[in-house]
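No lab work stands behind these numbers, since they all come straight from the coordinates. On a predicted model such as this, the values are computed, not experimentally measured, just so you know. Cβ atoms come from the backbone with ideal geometry, glycine included; neighbour counts cover every protein chain shown.
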Amino acid sequence: MSGAGPAAGADLVADLVETVRDRLAREPGDLTPHRVAAALRGTGRPVGDATVLAVHEVLRRDVVGAGPLEPLLRTPGVTDVLVNGAGQTFLDRGHGLEPAGVAFGSEAAVRRLAQRLASTAGRRLDDATPHVDVRLPDGTRFHAVLAPVARPGTVLSLRVPRARSFTLEELVAAGSVGEAAARVLRELVAARAAFLVSGGTGTGKTTLLAALLSTVAPAERLVLVEDASELRPDHPHVVGLEARPPNIEGAGEITLRTLVRQALRMRPDRLVVGEVRGAEVVDLLAALNTGHEGGCGTLHANSAADVPARVEALALAAGLPREAAHSQLASALDAVLHLARRADGVRYLREVAVPVRDAAGLVSAVPALIFDGDGAVRTGPGVEHLEERLAR
Ligand SMILES: Nc1ncnc2c1ncn2[C@@H]1O[C@H](COP(=O)(O)OP(=O)(O)O)[C@@H](O)[C@H]1O
Ligand SMILES: [Mg+2]
């Protein structure tokens, strides 16, 4: 074999890829090994078949799927892939973040991938709208912020969908939820309690919510409201509404708030807000206070104790005064299920808390059950409230 054989260095291939890309871009046509070979010949550098195929493969991955990230996304057990500009890629396969050892040739390559992935979901990503948060056709949740808004370069965050949701039993088997905790969670759902699953990013909030929704009686109708559709409960009667950002002219936005209101007219037995993060909290609280039992959602919070303050802040930003927010919260919410990650990366249910109102009318989330992540359970001062709610 002449020139670069199978041992062609990655640098050489990366080099050739850029050249071939330029040449191919000048004359439209399908991406075939034949055209790649012709373009390579045109460079005047003789290369072997293995190199032609290597260059073709890189270009092909570039136009389909997630480019150089594709193998990472397809690795069993990988849940998250993060790209920080051209030089850093991390993955999470259950033990926290680890370097993924994939490098992009240049910032331009990361940007190109980000734009292409956004466009497969029908979104534009450019300097006018330099961020996007969408679900890709295969279900992957994709977030990107272009440089220079993001540093050290264009930053991508991909969350791999599981082929199917975890069941509650699987969460128990994985050590994320104890046996006793699972019983309490089932009872909460069966009692049509309203609850929020709280925790930091990637602690498994959406996953636990989906597992709990899968335990809802089959005769009930679930109406899901989400920013980017993610929840896949294993349940026979699910309808979903997905929010939409404004288009380039600033028109056509559909907010979660609008969707919560629409959902209420759709005869939901359970109203579910996938991720509460804005003004929709007001409509959710109002709904839970007007006979819509069993509503639930997730909320980003660093501890269960932070949940009332988070709700208050979101409600306040939407114009609901503090006092009203607390009084609504006290009567609307039955439980907070808080998730955390252990030092070794394992996600677990850390606490079940109940909202309790003090003399001044302010709600605090009082621990009812506290789990240490190794199966041990302690009860907290809120446990009687929890039992009362379950007995209702
Ligand atoms: N208990 C668990 N054990 C193992 N993996 C989990 C567990 N809970 C969630 N995951 C995985 O972790 C990732 C993040 O979970 P997700 O529920 O989306 O988190 P959050 O909603 O808190 O951001 C997902 O890919 C999910 O499949
Ligand atoms: Mg989530």
- Query: Using the alpha-carbon atoms, what tilt in degrees (0 to 90, nearest 10) does helix 49-63 show relative to the longest principal axis of the chain?
  - Reply: 40 degrees
- Query: Which of Gly240, Gly361, Gly153 moves most in a GNM of the chain, Cα contacts under 10 Å?
  - Reply: Gly361
- Once the Cα atoms of helix 33-42 and of the chain are each reduced to a long axis, what angle between those two axes, in degrees from 0 to 90 to the nearest 10, is obtained? 50 degrees
- Karplus-derived 3J(HN,Hα), 6.51/-1.76/1.60, for each residue of region 287-304, Hz, glycine and proline x: 5, 5, 8, 10, x, 8, 6, x, x, 7, x, 10, 8, 6, 7, 7, 7, 4
- At 4 °C and 1.567 mPa s, what whole-number value in µm²/s does Stokes-Einstein give for the translational diffusion of region 29-155, with Rh from the Kirkwood sum over Cα pairs? 82 µm²/s
- Task: Name the long-range amide H neighbours of Ala147: under 5 Å, sequence gap of 5 or more, or other chain; modelled H, no Pro or chain starts.
- Result: Thr154, Val155
- Query: Based on the alpha-carbon gyration tensor of region 115-250, what equivalent-ellipsoid semi-axes (square roots of 5 times the eigenvalues) come out, in whole Å, largest first?
  - Reply: 33, 17, 12
- Over all alpha-carbon pairs of region 168-391, lay out the pair-distance distribution in 10 Å bins, whole %, shortest bin first. 8, 35, 38, 16, 2, 0
- Message: For a distance above 28 Å, tell me the whole-number percent of Cα pairs in the chain that qualify.
- Response: 54 percent
- For region 38-79, what value does the Rg/Rh ratio take when both radii are computed over Cα atoms and Rh is the Kirkwood radius, given to two decimals? 1.17
- Query: Summing -39500 (n - 2.57) over the DSSP H runs of n ≥ 4 in the chain and dividing by its residue number, what mean residue ellipticity at 222 nm do you reach, to the nearest 500 deg cm²/dmol?
  - Reply: -10500 deg cm²/dmol
- Relative contact order for region 67-159 using alpha-carbon pairs under 8 Å, separation at least 6, rounded to a whole percent? 26 percent
- Whole-Hz Karplus couplings 3J(HN,Hα) for region 359-374, θ = phi - 60° and coefficients 6.51, -1.76, 1.60, Gly and Pro as x, run 4, 7, x, 8, 8, 10, 8, 9, x, 10, 10, 10, 10, 9, x, 10
- Task: Give the relative contact order (percent, whole number) for the chain; include only Cα pairs under 8 Å separated by 6+ residues.
- Result: 11 percent
- Message: With θ taken as phi - 60° and the coefficients 6.51, -1.76 and 1.60, list the Karplus ³J(HN,Hα) couplings across region 84-101 in order, rounded to whole Hz; mark glycine and proline as x.
- Response: 10, x, 5, x, 10, 9, 10, 9, 10, 10, x, 10, x, 7, 9, x, 9, x
- Task: Check each of the trypsin sites (Lys or Arg not before Pro) in region 64-158 and keep only those in coil by DSSP with at most 14 other C-beta atoms within 10 angstrom; list them in order.
- Result: Arg124
- Query: Between region 270-302 and region 134-172, what is the C-alpha centre distance in whole Å?
  - Reply: 23 Å
- Query: After finding the eigenvalues of the alpha carbon gyration tensor for region 227-314, what semi-axes result from the square roots of 5 times each, listed largest first in whole Å?
  - Reply: 20, 19, 14
- Message: Translational diffusion coefficient of region 55-97 at 4 °C, 1.567 mPa s, Stokes-Einstein with Kirkwood Rh over Cα pairs, in µm²/s as a whole number.
- Response: 116 µm²/s
- Given H placed on each backbone N at 1.01 Å, which residues far from Arg350 in sequence or on other chains put an amide H within less than 5 Å of it? His338, Leu339, Ala340
- Query: What angle, in degrees between 0 and 90 and rounded to the nearest 10, separates the Cα long axis of helix 107-120 from the longest principal axis of the Cα atoms of the chain?
  - Reply: 60 degrees
- Give the long-range amide H neighbours of Ser214: residues separated by 5 or more places, or on another chain, with amide H under 5 Å away, using H modelled in the peptide plane at 1.01 Å from N. Asp234
